[in-house]
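Input: a single structure, listed below in structure tokens.
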Amino acid sequence: MDFDTPINRRNTHCAKWDAMEDIYGVSREDGIAMWVADMEFQAPDCIRKAVTDMADHGVFGYFGDESDYRAAICWWMAERHGWTVDPAHIFTTHGLVNGTAMCLDAFTKPGDGVVLMTPVYHAFARVINASGRRVVECELANIDGRYEMDFDTWDAQMDGSERMLILCSPHNPGGRVWTRAELQAVAAFAKRHELILLSDEIHHDLTFPGQTHIPMTQIDGIADRLVMMTSATKTFNIAGSHGGNVIIADPDLRGRFAARMAALGMSPNSFGLFMTTAAYSPEGAAWVDALRLYLDENRRIFDAGVNTIPGVHSMQLESTYLAWVDFSGTGMSAADFTDRVQNDAQIAANHGPTFGKGGGQFLRFNIGAPRAQIEDAVSRLQKAFADLQ
């Protein structure tokens, strides 16, 4: 499994590389794209073979009989996460941002409050606002460079107009793998405030050694208000397939979601179904195991290098390939340290404020790339802040 060979993605209609100059002012020729959350690795052979077989067949009609696809999802969740999924509980959406939007449409009304634990994945707020709902930001406590939940503060913020809580588990951008006790507290919070709990677990396969992801569905007392979201797209670097699964055990919530899917004429893309079926296999599992070890070493190299810069601290990741770097200790304004990263280092990284409260002094860097690119990025950052040494 080759994660070291560079893949040139420039001029391939790649958002990550072809749009970074327009958005960040980072050169398409000389810059490094470390913003969009997809990786620089080719998908495993099992997925590429599935796509090749489709192309060789040459007929791209409507997909029928999802039994193999659903069985593959059930096998993966049982094998990798100890979670028994009823195949009848699975809905397929066009990715999990679409899945989030569908849940907002099915379970909330315009004007309702939707709770986010910020800083958190920026697309949540985008679709909440676009749908006419209100973002209610519950800021995570940054305790010695590690995010913790602050339920006493959050309880005091609720005014009764909130209808949904979106949990990011594992957390993006902080990389936390929430403990069972923390997840049980999330369930209790949702019950206290009569919130439907939408648990986005798209990064659940990408934990680092010593960490175990706990699916929210394994927490007691939450099944009647829980909606699970998973996808193979982050794990296997197939985000362009726009595949996602909304999995709902509660019959009332499942019926409401099914009604909205039917009303909007939603049906999945056959490419995504074939790719996910191929991914959720023993061959796919072996690829993921190798990927996690590779990402762990990337994490070690990136953190060790960045943390040598005075006043800069990269949060210790427990999951994901998204490094969350705190520049507050430099004493610089966000505009100043961002300018150095973009213009001096020529690196495109996500701006922290887009993740909500608590993100103002951060940038997010994607470390899902060949090791040489990570080493190059570290060198560029150290040079851009050399005067602080």
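The values are calculated or read from the model by the stated rules, or taken from the named source; none is laboratory data. From a predicted model like this one, the values you see are computed outputs, not experimental measurements. Please note: Cβ atoms are built from the backbone with ideal geometry, for glycine as well, and neighbour counts cover all protein chains shown. All accessible areas refer to the heavy atoms of the entire protein, side chains included, with ligands and DNA or RNA removed. Shrake-Rupley method; radii C 1.70, N 1.55, O 1.52, S 1.80 Å.
What the table below lists for this structure:
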read-out: Cut-off 15 Å between beta-carbons: net charge of the residues surrounding residue 63, Lys and Arg +1, Asp and Glu -1; value: -3
read-out: Segment 81-124: radius of gyration and largest Cα-Cα distance (Dmax), Å; value: 13.3, 38
read-out: Theoretical FRET efficiency, 1/(1+(r/R0)^6), r = Cβ-Cβ of residue 8 and residue 155, R0 45 Å, to 0.05; value: 0.30
read-out: Mean Cβ count within 10 Å, highest first, over the residues of peptides 340-347, 53-60, 75-82; value: 340-347, 75-82, 53-60
read-out: Per residue, in Å², the accessible surface of segment 75-231 once ligands and nucleic acids are set aside, probe 1.4 Å; value: 35 Å²
read-out: Cα-based equivalent ellipsoid of segment 134-200: semi-axis lengths in Å, sorted from largest, via gyration tensor; value: 19, 13, 12
read-out: Cα centroid separation, segment 28-59 to segment 269-290 (Å); value: 13 Å
read-out: Helix runs (DSSP H) in the chain reaching 30 Å along axis by Cα, Kyte-Doolittle at least -1.0; value: 282-306
read-out: Calculated FRET efficiency for the pair residue 262/residue 109, C-beta based, R₀ 22 Å, to 0.05; value: 0.70
read-out: Ratio of Rg to Rh over segment 22-68 (Cα coordinates, Kirkwood Rh, two decimals); value: 1.20
read-out: Lys, Arg +1 and Asp, Glu -1 on Cβ, resulting dipole of the chain about Cα centre, debye, nearest 20; value: 500 debye
read-out: Average projection area in nm² (convex hull over Cα atoms of the chain, one quarter of hull surface); value: 18.7 nm²
read-out: DSSP beta bridges in the chain [antiparallel fraction, %, rounded to 5]; value: 50 percent
read-out: Rg(Cα)/(2.2 N^0.38 Å) for segment 183-313, N = residue count; value: 1.31
read-out: Extension reserve of the residue 297-residue 78 stretch, reckoned as 0.36 nm per residue once the Cα distance is removed; value: 76.1 nm
read-out: Options 54, 72, 83, ranked by Cα towards positive dipole end of segment 31-83, top entry (Cβ charges); value: 83
read-out: Cα convex hull of segment 1-91, projected area averaged across orientations, nm²; value: 9.2 nm²
read-out: Peptides 321-331, 209-219 ordered by average Cβ neighbours within 10 Å, highest first; value: 321-331, 209-219
read-out: Value of D in µm² per second that Stokes-Einstein yields for segment 56-142, Kirkwood Rh from Cα pairs, at 25 °C (0.890 mPa s); value: 154 µm²/s
read-out: Unit charges at the beta carbon, dipole of segment 196-287: most positive-side option, 231, 248, 266; value: 266
read-out: Of all accessible heavy-atom area on the chain, the percent that carbon and sulfur account for (1.4 Å); value: 51 percent
